[in-house]
Amino acid sequence: MFSRIGAKYHDLRHNHRYGFLLRYVTIVVGVLVTAVGVITIPYPGPGWAIVFLGLLILSQELEWAARLRRWIMEKLNAFYSRYIDGNLLAQILLGIATCAIVIATLWLTGALHLAAGWVGIDADWLASPLLG
């Protein structure tokens, strides 16, 4: 399936009248998707998957993106297999760190104060220091 999509992309890119624009659109979309992925890495969900999707999009036009994607995959897999897999303490610490990042983000964006208001809690310390 991916080879057919790649072949269609290549054909459109090189044989269409406005194919040269596709290169720039692909690079912009790839950069944006990768940036969103990097921002969402510490949160529960598909942060790394989004990064790899962005690099996959970029690798259609940029060889360094394909090399970077392969390198990151190798390093991440090696890190997880060495330090995380089978290590209950590391998994617990990773879970606690993830929860702390999520709670800090909710606090900084004012979401904790908003949710507290829904259930009738009026605590000033829940208000975001950034948003007042």
If you scan segment 48-99, which residues turn out to be surrounded by fewer than 14 Cβ atoms within 10 Å (Cβ to Cβ), touching a residue at least 40 places away in the same chain (Cβ under 8 Å) and not in a helix (DSSP H, G or I)? none
Residue 130: under 19 Å from the mean Cα position of the chain (by Cα) and either on the phi > 0 side of the Ramachandran plot or open to solvent by 70 Å² or more (accessible area, probe 1.4 Å) (or both), yes or no? no
Checking residue 39 against (1) out of contact with any Lys or Arg (no Cβ under 9 Å at 6 or more places or on another chain); (2) of a type outside the set (D, E, K, R); (3) over 19 Å from residue 10 (Cβ atoms); (4) open to solvent by less than 70 Å² (accessible area, probe 1.4 Å), the condition it does not meet: (4)
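Here's the yes/no breakdown for (1) over 29 Å from residue 131 (Cβ atoms); (2) within 14 Å of the chain's Cα centre (by Cα):
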| residue | (1), (2) |
| --- | --- |
| 27 | yes, no |
| 47 | no, yes |
| 64 | yes, no |
| 79 | yes, no |
| 84 | yes, no |
| 91 | yes, no |
| 95 | no, no |
In segment 100-118, what residues are farther than 18 Å from residue 43 by Cβ and surrounded by 14 or more Cβ atoms within 10 Å (Cβ to Cβ)? 113, 116
Failed item, numbered, when residue 44 is tested on (1) open to solvent by 80 Å² or more (accessible area, probe 1.4 Å); (2) in a loop (DSSP other than H, G, I, E, B); (3) farther than 27 Å from residue 99 by Cα: (3)
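The values are calculated or read from the model by the stated rules, or taken from the named source; none is laboratory data. Just so it is clear, the structure is predicted and the values come from calculations on it, not from any experiment. No Cβ is skipped: glycine too gets one built from the backbone with ideal geometry, and neighbour counts run over all protein chains shown. Just the protein is used for accessible areas: all its heavy atoms, side chains included, with ligands, DNA and RNA removed. Shrake-Rupley method; radii C 1.70, N 1.55, O 1.52, S 1.80 Å.
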